[in-house]
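Below: one structure, written as structure tokens.
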Amino acid sequence: MSVARLLYRTGQFWQALRSVTTPQDLGLASSVLAPAQLELFKQMPGSDQAHSLRVLKALLTQGEKNSDLWIAALLHDVGKSIHPLQLWERVLIVLVGLVCPSCVQRWGMASPGRPPAALGWRRAFVVTAQHPQWGAELAAKSGTSPLAVALIRRHQERLESLGDADADAEDRLLSRLQAVDDNC
């Protein structure tokens, strides 16, 4: 992991400790989300709400006008609300990712028929790996557009370097979401 990435992760840790969603933040979220989507957003832990709002604000600052991308920015981590992670679990994931990135993937594979709560020490890794799919399912049930649902489901999927001529519209939006998400 690069020094820049380590500093970013350290900053994320401190932001998680002092994250607060203000009434103005909720107003911004409610201006983007439909009522059922806003209820999903409100179920997210405060640190995930604050992160999602930073992603949205960065996209808006860049002049992004695609409302599906705005919705995906706010709901991309909503799947974590099913099995919220403690701060120490988030730190564990980052530290293991530094030492053994393949372990994070391997330990995060779903265990059919076993809920994350029954997975013991693997729980945090399963939540990290599976939350995009869970979030996409929640978003779809709330009436979210297929494009925003796809962006939520794919937000952790690593894209190859995209030339605009090679990428479809969904991949271009996903690339923008990931670029901002990785820096917020």
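Tell me, which residue of region 99-114 that is without any contact (Cβ under 8 Å) to a residue 24 or more places away in the chain and crowded, with 16+ Cβ neighbours inside 10 Å is nearest to LEU40 (Cα to Cα)?
So, considering only residues that are without any contact (Cβ under 8 Å) to a residue 24 or more places away in the chain and crowded, with 16+ Cβ neighbours inside 10 Å, the one nearest to LEU40 (Cα to Cα) is GLY108.
Sort through ALA117, ALA148, ALA129 and tell me the only one that's surrounded by fewer than 11 Cβ atoms within 10 Å (Cβ to Cβ), in contact (Cβ under 8 Å) with a residue 12 or more places away in the chain and assigned to a helix (DSSP H, G or I).
ALA117
Given GLY135, GLY108, GLY113, GLY79, which one is at positive phi, out of contact with any Cys (no Cβ under 8 Å at 6 or more places or on another chain) and not hydroxyl-bearing (Ser, Thr, Tyr)? Break it down stepwise before answering.
Working: GLY135 fails: at positive phi; GLY108 fails: at positive phi; GLY79 fails: at positive phi.
GLY113 is the lone residue from the list that is at positive phi, out of contact with any Cys (no Cβ under 8 Å at 6 or more places or on another chain) and not hydroxyl-bearing (Ser, Thr, Tyr).
Tell me yes or no: at least one residue of region 75-98 is under 25 Å from ARG176 (Cβ atoms) and free of Cβ contacts under 8 Å to residues at least 24 places away in the same chain.
Checking region 75-98: not a single residue is under 25 Å from ARG176 (Cβ atoms) and free of Cβ contacts under 8 Å to residues at least 24 places away in the same chain.
When region 48-74 is examined, which residues are found to be free of Cβ contacts under 8 Å to residues at least 40 places away in the same chain and touching a Ser or Thr at 6+ places or on another chain (Cβ under 6 Å)?
Correct list: GLN49, ALA50.
Looking at PRO101, PRO45, PRO84, PRO132 in this structure, which one is under 21 Å from ARG158 (Cβ atoms) and under 15 Å from the mean Cα position of the chain (by Cα)?
Every option except PRO132 fails the conditions.
Residue-by-condition table, conditions (1) surrounded by 13 or more Cβ atoms within 10 Å (Cβ to Cβ); (2) modelled with pLDDT under 95; (3) among the β-branched types (Val, Ile, Thr):
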position	(1), (2), (3)
ASP25	yes, no, no
SER30	yes, no, no
GLN43	yes, no, no
ASP48	yes, yes, no
GLY63	no, no, no
LEU69	yes, no, no
ASP77	yes, no, no
SER81	yes, no, no
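The values are calculated or read from the model by the stated rules, or taken from the named source; none is laboratory data. For clarity, every value in this text was computed on a predicted model and none was experimentally measured. In this analysis, Cβ positions are derived from the backbone assuming ideal geometry, glycine residues included, and neighbour counts consider all displayed protein chains.
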